[in-house]
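Asker: Structure provided below as C-alpha cells; questions to follow.
The values are calculated or read from the model by the stated rules, or taken from the named source; none is laboratory data. This is a predicted model, so every value here is computed, not measured. Every residue, glycine as well, gets a Cβ built from its backbone with ideal geometry; the counts of neighbours run over all protein chains shown. With ligands, DNA and RNA removed, areas are computed over all heavy atoms of the protein, side chains included. Shrake-Rupley method; radii C 1.70, N 1.55, O 1.52, S 1.80 Å.
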Amino acid sequence: MDLAKELILNLKQKNVSHVGYGLQKECEALIGHILQNMVKSQLPPLNVERKNADDAIRYREEGNQHFVVGDDIDAIESYTKSLAYANNKELMAYAHANRSAALFRKEMYKECLIDIDAALLCGYPDNKRKRLKERGAKAIDELKKILQISEDKCTNIEKIIDQICLNQDTKEDITKTDTNDIIHANDKNKEKNLLPDNQYHEKRFFNINHLPIKCTTQKPRYLEKEGSLFLAYGPNKECPAASDGIKIVFSKEFGRHFIATKNFNPGDIITIENPYAHVIYEERFYTHCHQCLSRCYNLIPCSNCPIAQYCSEECKKIAWDMAHMTECPILVLLKNLLNVDKDKIRMLTKIIRLLIVVTENGSKIKELQEDMKIAESNPDSRTAGFTDEGVFYNFSARSALSLATNMITRPLIGISAFACISALATILLATQTNFFGKKYEIDYLEDISEFSDLRFCGSIMFRACVIMSSNCFSVQQEPGIKSGSGLYVTHSLYNHSCSPNTFRHFEGLTMITRALHPILSGDQVFTSYGPEYAYMPRLERKEKIMQDYFFDCQCPACVFNWPIYTEILRNHIGSITKNKQLVEELKPFKQRLLKNIYDIDAVKNVLNILFKEVSQPCEEIVHAEQYLKSYYLGKFK
C-alpha cells in the first residue's frame, strides 16, 4: 500500500490543471499497480443473481398480499419482480395476469390490456382464461367510456375485441376486482420447462398502440403553450447545447464557467442537453425503464437477467445494443458482491457505462487512446476537451473526459477507493464479458503489464470516478422522483450557487436549464448542485458542499447568511407591502394570475419588475421564483 499511496500523492501533486486531462500516465501507473495486486489476491467466489422459479413465486405471493389489502402500486412492483425472475412462460403468464388485475383496479386500462394479451401469449392456463378475458372486455368498455364512443361508431373497437377473443356476451359486473382475480402459488399446475420467448411482446393478438386511447401522461403545460423547445438567441457555435447568449470562460478562482454575453429574461432557455451516459438508481429497478428512465407500469424484463426492465421492446433493443449486452453479466453479480456498499456499486455501474460509451462497447479503444494523446497535449484549460474543430460538444468523448476532477482537494482515502473500484470494474469486464475481445480467466492475467488495454480502460474508469462524482445530475422526470443519474457534459460547466440564477427541469432524459430571474450581460450563470438557501441553513449547506464538491461556497446567500424560505415568509423579510407604488405596479399581474393560474408570463413580468426595484432576500421574489419553478417542474395540474 506504500507504493499505492506514493502513486496517489504523485497524482495530486502533478494535477495543476483544473480540468480532467494531463494525468494519463500517472492514472495508468496507479490502476496498473492495484490491478496487479487484485489479480494476485484472487477474487472471492462470485454469486450470480439468476432468474428462478422460487423468487418468481415469492414475489408473486408478495404482490398478492399487497393486492389483498389494496396496495395496488406496491402489488404492481412485486408482480414486475415476479416477471423479472420468471424462468419459464408459465410463470411469466401468471405474473402478467396478476399484474393486470392491479392495473385494472388502478384504472390503467390500456396497461391492463397489454398484460392480459401478454399472459395469453405466454400460455396462461385454459381453465383460468375466462376471468382474464372478462377483465379485458371490461377494460375495453371502460376505454370506450373514456373516449365517449357510441355503439354505432365502435366498429374498430369491436374488431379489436374479436381479435383478442374476448367474450362480449358476459353480463357479469367485474368493476370490483376481488382477490379471486389473482393466482396464488398453490393454484399453479406443475411448471412447464419452457424458455422465455424474447419476442413474445411483439406477437400480440392485437396491437394496443393502434387504439385511439388518450395517453395517461399528458404533455407538459409549458410545451402546449410554448411549442418546441428552443435556446434563447439560438445555439452557441462553440458549445451547441448552450445558448449563443453565454460563453465559456476560465479563471483560477472559478475554473471553467459560463458568463452571459446577452440579457436573459425569466424562463429563457440557456442550455438543452441529453445525457452523455446515464444509469438508473437501484430503488427504481422495478418501477422505471432502465433505458429512458420513465415510470412504467408494464415493464418487460431482459431475457437474460432479472435486473434490467424496459418500458418497450424499442427501449430494450436500444439498451442492449448500446450497453446492456456488456453490462448484463456484470449486473447479476453486483447484488451479492461482498464488502461493496451501495454507493460504490452505484459508482461502479456509472463508470462501466461511461467506458462502454466512450469506447463504443470496446470497439474503439485504440482510437480513444490516440485521441487522448491529442487532448493531453492541449495546455489551455478553457478549451480542454474541445474537438479539432474548436467545439465543446456534449456527445464527444474528448469533451466528457475533460470535466473537472477536483483531484487536488480530494482526500487520499477517497482517491484510493475510486482506484480500487475502477480496478474491480476492469477485472469484471475482463473475466465476465467479451469487452476486451474475449473472456479471460483470472489466472491468465497474472502479469498485468502485458495487458495495456486493461490498464488504459481502468485508468479511464478511474478518471470517470472523479469526474462523475462531481459532475453527474439526478434525473427527475416527475416532481420529487429521482429515477437515475446522468452525465450532462455541457451542464457540468455551470458553477454552483446556493442562490442560483437558473433552475433545471426534464423532458424525458433531456435536461433544460432556464433563467430563474433576469440575468444581465456580464453576469456569471449559476446552477445549484443541490443545497439552496431556501430550505437548508448556511452551516449545513457549506458542510455538504465541502464534503461533496470540495470548495467553500461564497455565494451571496452564504456570505450574508440569508434566512431560509420559511423564515422569510414567517417574518415577511424584504416584503414590498409598504412600497405602495410598487404594489400598484404589480397589481395587474396579480389579477391576471387570479383569473388564470397558468399565466406564467405574468410571473415573469413580476420577476423582471422586482429585480429592478428590490434586493434579496425578498418575500415576493421567493414566491415568484417558486411559482416559476413549479410551473416548469409540472407541479401545476
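Asker: If you roll a 1.4 Å probe over the heavy atoms of the protein chains, what accessible area per residue do you get for the chain, in Å²?
Answerer: Numbers: 29230 Å² over 637 residues.
Per residue, the chain has an accessible area of 46 Å².
Asker: May I ask which of Lys106/Lys145; Lys110/Lys144; Lys544/Lys629; Lys578/Lys612 have a Cα-Cα span longer than 19 Å here? It would help to have the intermediate numbers written out before the result.
Answerer: Details: Lys106/Lys145 16 Å; Lys110/Lys144 11 Å; Lys544/Lys629 23 Å; Lys578/Lys612 17 Å.
Lys544/Lys629, as the Cα separations exceed 19 Å there.
Asker: Now for a different question. Over the chain, with every protein chain in place, what whole percent of the accessible area is carbon and sulfur at 1.4 Å, could you tell me?
Answerer: Numbers: 14710 of 29230 Å².
That share works out to 50 percent.
Asker: Using mean Cβ contacts within 10 Å as the protection proxy, how do 592-603, 24-35 order, highest first? Walk me through the intermediate numbers first.
Answerer: Working: 592-603: 15.1, 24-35: 21.1.
Ranked by mean Cβ neighbours within 10 Å, highest first: 24-35, 592-603.
Asker: Take Arg353, Arg541, Arg346 and sort them by solvent-accessible surface of the protein heavy atoms, 1.4 Å probe, largest at the top.
Answerer: Details: Arg353 25, Arg541 0, Arg346 80 Å².
Result of the area sort, largest leading: Arg346, Arg353, Arg541.
Asker: For the peptides 611-624, 542-555, what is the packing order when you average, over each peptide's residues, the other Cβ atoms within 10 Å and list the highest mean first?
Answerer: Going by the mean number of other Cβ atoms within 10 Å, highest first, we get 611-624, 542-555.
Asker: Sticking with this one: Over what distance in Å are the Cα centres of the range 471-497 and the range 382-452 separated?
Answerer: 22
Asker: So for the pair Ser251, Asp141, with labels modelled 7 Å out along Cα→Cβ, what separation do we get in nm?
Answerer: 7.0
Asker: Sticking with this structure for a sec: Give me P(r) over the chain, computed from all C-alpha to C-alpha distances, binned every 10 Å, as integer percentages.
Answerer: Calculated over all Cα pairs of the chain, the distribution is 3, 14, 21, 21, 19, 14, 6, 1, 0 percent.
Asker: For the range 236-296 and the range 572-637, what is the separation of their C-alpha centers, rounded to whole Å?
Answerer: 26
Asker: Report the extension gain between Glu107 and Lys128 in nm, rounded to one decimal, defined as 0.36 nm multiplied by the number of residues separating them, less their alpha carbon distance.
Answerer: Details: separation 21, 0.36 × 21 = 7.56 nm, distance 2.22 nm.
Residue separation times 0.36 nm, minus the Cα-Cα distance, leaves 5.3 nm.
Asker: How do Met468, Met325 rank by accessible surface area computed with a 1.4 Å probe, from largest to smallest?
Answerer: Values: Met468 10, Met325 85 Å².
Largest to smallest exposure gives the sequence Met325, Met468.
Asker: Sticking with this structure for a sec: For Ser363 paired with Asp380, estimate the spin-label separation in nm (one decimal), with each label point 7 Å from Cα along the Cα-to-Cβ line.
Answerer: Placing both labels 7 Å along Cα→Cβ, they lie 3.3 nm apart.
Asker: Another question, then. Sorted by average packing, counted as other Cβ atoms within 10 angstrom per residue and highest first, what order do 488-499, 285-296 take? Present the calculation step by step, with values, prior to reporting the outcome.
Answerer: Numbers: 488-499: 23.6, 285-296: 21.5.
With the highest mean Cβ count within 10 Å placed first, the list reads 488-499, 285-296.
Asker: Name the residues of the range 594-637 whose amide N is less than 18 Å from a point 7 angstrom out from the Cα of Glu567 along the C-beta direction?
Answerer: Answer for this model: 616-623.
Asker: What residues from the range 607-632 fall in the zone where the backbone N is under 13 Å from a label point 7 Å along the Cα-to-C-beta line of Lys595?
Answerer: none
Asker: Between beta-carbons, use under 11 Å as the cut-off and find the net charge around Phe258, counting Lys and Arg +1, Asp and Glu -1. Each step should come with its number before you reach the end.
Answerer: Numbers: positive: Lys247, Arg256; negative: Asp523.
Around Phe258, the charge tally is +1.
Asker: Distance cut-off 23 Å, Cα to Cα: go down the list Lys252/Lys364; Lys316/Lys482; Lys133/Lys316; Lys335/Lys366; Lys344/Lys482; Lys51/Lys317 and report the pairs above it. Don't jump to the answer; show the numbers that get you there.
Answerer: On the way: Lys252/Lys364 34 Å; Lys316/Lys482 21 Å; Lys133/Lys316 28 Å; Lys335/Lys366 32 Å; Lys344/Lys482 18 Å; Lys51/Lys317 20 Å.
Beyond 23 Å between Cα atoms: Lys252/Lys364; Lys133/Lys316; Lys335/Lys366.
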